[in-house]
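In what follows, a single structure is set out as structure tokens and then discussed.
The values are calculated or read from the model by the stated rules, or taken from the named source; none is laboratory data. Remember, predicted model here, so these are calculated numbers, not experimental data. Using ideal geometry, Cβ is built from the backbone for each residue, glycine included, and neighbour counts are taken over all protein chains shown.
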């Protein structure tokens, strides 16, 4: 009974007669596509359109001023050749990787996991307090967070005052070690996301498994390494993928804190791209860099996806 | 039935797209309608850079607006202050000029950028207007050439020019035991004075030379080119019509930057890399006697006039001016560079005729004199230059006007803004200690070869 009812129920009620009779799968598919078509149309115009335009621009000499503004010419892979031959670009790639490694893969990820693990064991009061503090940093608008942190890292900012108070020498963080300063800032701002992902994943682990591991005599670290972590591998991979992609494209935080400087000491790819496209008017070159950034993001995603799949297999 | 339904939906979505397309079409058509009625009353948008606390241009334009609206009933002038630092101003202006919907009718263009924007097709040639204008003969020939493109057409009306030299604080010099009538003959003379200040007057910044990306063209021109053009080298070889790379003068100039920032003779690099450095020098460091020597433009005293951002009547007695010497005193012995700004009409302006009328109002003898005086410009109109009010407007006017005899103009070709960006990138790398002058110069050479093509470069002397 149920099996025969199901197909009729699944067809749209008003047009049930015709589509049921015709049995043409293509027509049925078209009808199902119908309600989606405005959305697809909008996506094509406003999402795919700019992306395609960006790909096109990356292969031209498009500019805001000069010859590239009057007649846009196709220049082949010149922009990419220029990028890979330029010291400023390799510097930007290098800084982007350092920034991503320190602030996302090491910082946000492990700190988020650590917080999630500790909060599982703590009292409700501590949990609420820590949760509010960490998520507060995440909820703040980017520019506000960047302003707070540049005040914190400033030459006579809070951090140096605290260091001096305990007798340690301070340093001008934003000037002497800008990439470290912006990485720490990004950790401060982004840890909440990892913490939330891991808290959710950890709460999915059945209590019995951990209890039986404990009965078998596994200590805290062994339980973590052989029971807890393997059970949340999927969450780890998903989280790494998301925070890596987010961190690769961080712009506002660094721009507001250091503008990529001093010199180019904190000029990651998004800042280099902005400078070339909007400060130096080279739109074509800027979009070429954006495509390279897209490729780097894709490589990271592939690695993580492979990690996810091998886990699933 | 289903097919009909599909058709209806397809039609609906097609309509939706058509509607958006239509709305775009109709807005882009407006300028045509607008330009046909330009002779009558019009709404004119005029854009200029407003950055920092300065209000000279703002007040000047407000006066012109009132005057124009009174003379042309029904017309309105909308003043668009573009609040942005040096480089951002050009970017915002270029973005506005790209579309007829946002293009202002009159724009304030720096002469260094105007060729690039002309090549970009942003500006309208003004020859038809200028030929019928009885005031054009009042302009000096060099000024007339400032906004003339390679095609021989004129694209802008200059409102003033400028020269550059060293400003120094006589009181601080006296305290440090330096001569009040300071006449440095070489770079070393400048450096030794700065070193004396550093030694004798702790807490005072010995010398300011603009440097690095945040200050944009000010770094390239007031800073770097004032050094480079005092060496035996230049940016551009006029005889060969090629850009100069690999020159010793370029490295020496970067070395000067390295010396002053490395030895603490300049503001800390962090201070110098503040995008507000320009207004900070004019409104804080100089008036508060916290800076002894400033390599800067002829116009900076406009900050200290009654109408300026930081009225400081004592400036004319406290500050002295002296020419920037060449590297070793050779050549003419002193160096200066000139630039200046022009009023131009974007190609996509909806009311070019009315815009030209507004430019004529901006450039009446009375208004030109007012701006040259309040804005501390070096006059480009002969009648303004002869005006007694202008001549006596400031103690420094004569000094800076005399520098016109040694002044040099930038190679303001379409590629210049890109080359200028490479100069400030090299400066910033050197001043922050990120690169050695040799390495920064090498990066500059490679970048310039990439910008203009290797066949358009030549090696230095």
Show the residue pairs meeting these rules: Cβ distance below 6 Å; 6+ apart or different chains; first residue within region B:269-290 and within 14 Å of chain A (Cβ to nearest Cβ); second residue modelled with pLDDT under 90 and in a helix (DSSP H, G or I). B:270/A:175; B:273/B:214; B:275/B:214; B:277/B:215
Scan region A:48-67 for residues that are within 14 Å of chain B (Cβ to nearest Cβ) and part of a loop (DSSP other than H, G, I, E, B) and jot them down. A:61, A:62, A:63, A:64, A:65, A:66
Filter pass, residue A:250 being in a loop (DSSP other than H, G, I, E, B), more than 14 Å from chain B (Cβ to nearest Cβ) and closer than 27 Å to residue A:57 by Cα: yes
For region B:120-132, state whether one or more residues are facing chain A (nearest Cβ under 9 Å), in a helix (DSSP H, G or I), within 19 Å of residue A:72 (Cα to Cα) and at pLDDT below 95. no
Of the conditions (1) over 19 Å from residue A:276 (Cβ atoms); (2) in contact (Cβ under 8 Å) with a residue 12 or more places away in the chain; (3) within 11 Å of another protein chain (Cβ to nearest Cβ), residue A:44 satisfies every one except a single condition; which number is it? (2)
Note on region B:195-206: residues in contact (Cβ under 8 Å) with a residue 60 or more places away in the chain and surrounded by fewer than 23 Cβ atoms within 10 Å (Cβ to Cβ) are B:195, B:198, B:201, B:203, B:204
Inspect region A:20-39 for any residue being within 11 Å of chain B (Cβ to nearest Cβ), at pLDDT 90 or above and closer than 28 Å to residue A:261 by Cα and give the result as yes or no. no
Residue hits (region B:97-110; within 14 Å of chain A (Cβ to nearest Cβ) and either outside any helix (DSSP H, G or I) or farther than 16 Å from residue B:352 by Cβ (or both)) are B:98, B:99, B:102, B:103, B:107, B:109, B:110
Some residue of region B:278-288 being surrounded by fewer than 22 Cβ atoms within 10 Å (Cβ to Cβ) and under 18 Å from the mean Cα position of the chain (by Cα): yes
Tell me, which residue of region B:411-453 that is at the interface with another protein chain (Cβ under 9 Å from one of its Cβ atoms) and not in a helix (DSSP H, G or I) is nearest to residue A:175 (Cα to Cα)? B:432
Could you tell me whether residue A:98 is in a helix (DSSP H, G or I), under 17 Å from residue A:196 (Cβ atoms) and touching a residue at least 12 places away in the same chain (Cβ under 8 Å)? no
In the list A:98, A:144, which residue meets the criterion of being exposed (fewer than 15 other Cβ atoms within 10 Å of the Cβ) and away from every other protein chain (no Cβ under 13 Å)? A:144
Only one of B:404, B:408, B:384 is more than 14 Å from chain A (Cβ to nearest Cβ) and part of a strand (DSSP E or B); which? B:408
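Listed here are the residues, each with its yes/no results for (1) under 27 Å from residue B:154 (Cα atoms); (2) modelled with pLDDT of 50 or more; (3) assigned to a loop (DSSP other than H, G, I, E, B).
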{"residue": "B:3", "(1), (2), (3)": "no, yes, no"}
{"residue": "B:12", "(1), (2), (3)": "no, no, no"}
{"residue": "B:21", "(1), (2), (3)": "no, no, no"}
{"residue": "B:35", "(1), (2), (3)": "yes, no, no"}
{"residue": "B:78", "(1), (2), (3)": "yes, yes, no"}
{"residue": "B:81", "(1), (2), (3)": "yes, yes, no"}
{"residue": "B:88", "(1), (2), (3)": "yes, yes, no"}
{"residue": "B:91", "(1), (2), (3)": "yes, yes, no"}
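Rundown of residues vs (1) in contact with a strand residue (DSSP E or B) (Cβ under 8 Å, 6 or more places away or on another chain); (2) closer than 22 Å to residue A:184 by Cβ, yes/no style:
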residue	(1), (2)
A:42	no, no
A:46	no, no
A:50	no, no
A:64	no, no
A:75	yes, no
A:89	no, no
A:105	no, yes
